1. Name the residue that is nearest to A:Ile276 (Cα to Cα), counting only residues in segment A:176-196 that are away from RNA strand B (no atom under 13 Å from the Cβ) and open to solvent by less than 50 Å² (accessible area, probe 1.4 Å).
2. So which of A:Gly189, A:Gly158 is in contact with a strand residue (DSSP E or B) (Cβ under 9 Å, 6 or more places away or on another chain) and in the same structural domain as A:Lys228 (by TED's automatic domain parsing)?
3. Pick out the one residue from A:Glu334, A:Glu347, A:Glu311 that is surrounded by fewer than 21 Cβ atoms within 10 Å (Cβ to Cβ), over 36 Å from the mean Cα position of the chain (by Cα) and acidic (Asp, Glu).
4. Against the condition open to solvent by 10 Å² or more (accessible area, probe 1.4 Å), touching a residue at least 60 places away in the same chain (Cβ under 8 Å) and either within 13 Å of RNA strand B (Cβ to nearest atom) or assigned by TED's automatic domain parsing to the domain that holds A:Leu160 (or both), how does A:Gly279 come out, does it pass?
5. Scan segment A:140-155 for residues that are closer than 14 Å to A:Phe266 by Cα, in contact with a strand residue (DSSP E or B) (Cβ under 7 Å, 6 or more places away or on another chain) and open to solvent by less than 10 Å² (accessible area, probe 1.4 Å) and report the count.
6. I'm trying to understand the selection: among the residues of segment A:12-40, which are assigned to a loop (DSSP other than H, G, I, E, B) and open to solvent by 50 Å² or more (accessible area, probe 1.4 Å)?
7. Within segment A:253-263, which residues are more than 8 Å from RNA strand B (Cβ to nearest atom) and not β-branched (Val, Ile, Thr)?
8. Within the bounds of segment A:70-87, is there any residue that is under 18 Å from A:Ala294 (Cβ atoms), in contact with a strand residue (DSSP E or B) (Cβ under 8 Å, 6 or more places away or on another chain) and part of a strand (DSSP E or B)?
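The values are calculated or read from the model by the stated rules, or taken from the named source; none is laboratory data. Because the structure is predicted, anything quoted here is derived from the model rather than measured. Note that we place each Cβ from the backbone using ideal geometry, even for glycine, and neighbour counts take in every protein chain shown. Side chains included, ligands, DNA and RNA excluded: accessible areas come from the protein's heavy atoms. Shrake-Rupley method; radii C 1.70, N 1.55, O 1.52, S 1.80 Å.
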Amino acid sequence: MLQKPRGTRDFLPDEMEARRAVEWRLREVARRWGYREVCTPEFEDLELFTMRSGEGIIEEMYVFEDKGGRKLALRPEITAAVIRMYINEAKVAPKPLRWCYFADCFRYERPQKGRYRQFWQFGVELIGADTAAADAETIMLASDMLNATGVTYELKVGHLSFMKNLVKDLEPAMQRRVRVHLDKKDFDGLNATLESLNRADLAASLTALVETRDLAEAFEIAGTISEKERVEQTVASLDASDVKYSLNFGIARGLDYYTGIVFEGFAQNLGAENQILGGGAYRLAHLFGGDDVASCGFAVGFDRVMVSLGETTAKKDTVVGLVSMPEGRKRALEVGRAFRDAGIRTEMNLMERGLGAQLAHASKSADFAVVIGKQEAEAGEVTLKNLHSGEQKTISLDAALAEVRAHGAR
RNA sequence: GCCGGGGUGGGGUAGUUGGUCAUCCUAGAGGAUUGUGGAUCCUCCGACCCGGGUUCGAAUCUCGGCCCCGGCCCCA
């Protein structure tokens, strides 16, 4: 038998309904903050992603050549494409731009809990606002979104300027190495690296910076930072809002183009792959031939959110099973039309079955059975049976519609 | 790419010192029941991940592959 590709999943209706329900909650939050949806191609020039993230990521991507010999890749994330799109289509749009997306991405990695080769991200990008208010808005939106999904999570907020200031005298490659150590809390590795550079003097401050959860203390440790005022304003905004977060100056994110604020969200009940949100302020546009516009954005790891939520029972549609006898078939089509026009999910019998067998089937899939036989067709009425209580009555079509609607409203 | 645990009908399972027709539950189709479901009974449908090897004989032993689960690496 043919199997689906490794790391991909099939979703049956129950699961799709649960996923769509969460998706729409995220959409609704984005909408309320003024973020409008965009869509970019499923695949792009390979170069778009290597420019952003380096040649190393080729190993982790689905890369292919098309019939014209073009090097392409299935998108491993969406931010680069959105910024490319901004440069191509919307450079002169009034700033700030508030965009969001919900889309699948592909990475060639070893699957494990919460990690798949095809996965979905819900992300937002705020383009062209280089202010503390913009940084704060993005984090407040992130918080709102995670709250809307219902996951239990922890939100960590940091700022790269602190760490960057401490290591500014090191050469860029070493700065990066130190950052990786700190992001992983690998203090042994950090000390070894610093000693090899004869900069063991930095160890104490860097370690203290990663450990502190206090802004004033972080300023003391890191020394004079040009962005001090902006950081203070951002933090003040967050504290004035209802965002629950903790400061963490060890957050380094993976890439070099993050410029200031950075933040990450973690679900509490996941395994090794428990990060469900990541983002920050960055400058990417100039890489793709645009202006050096400042942006801030994040993405929610949708699949991990769903894993974290577990087996949640999505609210079920009220379902009507339309049971009909040969003499009532024609009338049943009219009745079905009326129920559907009223917005009610209505499933007509398609099998060559007797009344008993039709009801038996309806009892497994529906809340109500509407029976249309010879008697109902002649009387112009319907028999409505509540399949939970067993209660049954023969009434007018309008009365039946009203009763089913009332059930759905509960 | 690395480490560990797995893979038996659609779902869940029993069965391996190698040996009847591979067990049971559930789901599905039909019937007992031609205008009333959920109970009961009957019938039907349907599986040893793939390939090589050992053997008279492999679901069982062995090798390789694929896939799943957890972890490492990575995590844009």
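1. Looking only at segment A:176-196, we keep the residues that are away from RNA strand B (no atom under 13 Å from the Cβ), and these are A:178, A:187, A:190-196.
Now narrow it down to the ones that are open to solvent by less than 50 Å² (accessible area, probe 1.4 Å): A:178, A:190, A:193-194.
Values: A:Val178: 25, A:Leu190: 27, A:Thr193: 30, A:Leu194: 32 Å.
Per the criteria, the residue is A:Val178.
2. Numbers: A:Gly189 fails: in contact with a strand residue (DSSP E or B) (Cβ under 9 Å, 6 or more places away or on another chain).
From the options A:Gly189, A:Gly158, the qualifying one is A:Gly158.
3. Working: A:Glu347 fails: over 36 Å from the mean Cα position of the chain (by Cα); A:Glu311 fails: over 36 Å from the mean Cα position of the chain (by Cα).
Step by step, each of A:Glu334, A:Glu347, A:Glu311 is checked, and only A:Glu334 is surrounded by fewer than 21 Cβ atoms within 10 Å (Cβ to Cβ), over 36 Å from the mean Cα position of the chain (by Cα) and acidic (Asp, Glu).
4. Working: open to solvent by 10 Å² or more (accessible area, probe 1.4 Å): no; touching a residue at least 60 places away in the same chain (Cβ under 8 Å): yes; either within 13 Å of RNA strand B (Cβ to nearest atom) or assigned by TED's automatic domain parsing to the domain that holds A:Leu160 (or both): yes.
No; evaluated as a whole, the condition is false for this residue.
5. Going through segment A:140-155 one residue at a time, the tally reaches 5.
6. In the first step, residues of segment A:12-40 are kept if they are assigned to a loop (DSSP other than H, G, I, E, B); the result is A:12, A:33-35, A:38-40.
The answer is A:Leu12, A:Trp33, A:Cys39.
7. Within segment A:253-263, the first condition is being more than 8 Å from RNA strand B (Cβ to nearest atom), and the residues that meet it are A:256-263.
Of everything in segment A:253-263, those that are more than 8 Å from RNA strand B (Cβ to nearest atom) and not β-branched (Val, Ile, Thr) turn out to be A:Asp256, A:Tyr257, A:Tyr258, A:Gly260, A:Phe263.
8. No: segment A:70-87 contains no residue that is under 18 Å from A:Ala294 (Cβ atoms), in contact with a strand residue (DSSP E or B) (Cβ under 8 Å, 6 or more places away or on another chain) and part of a strand (DSSP E or B).
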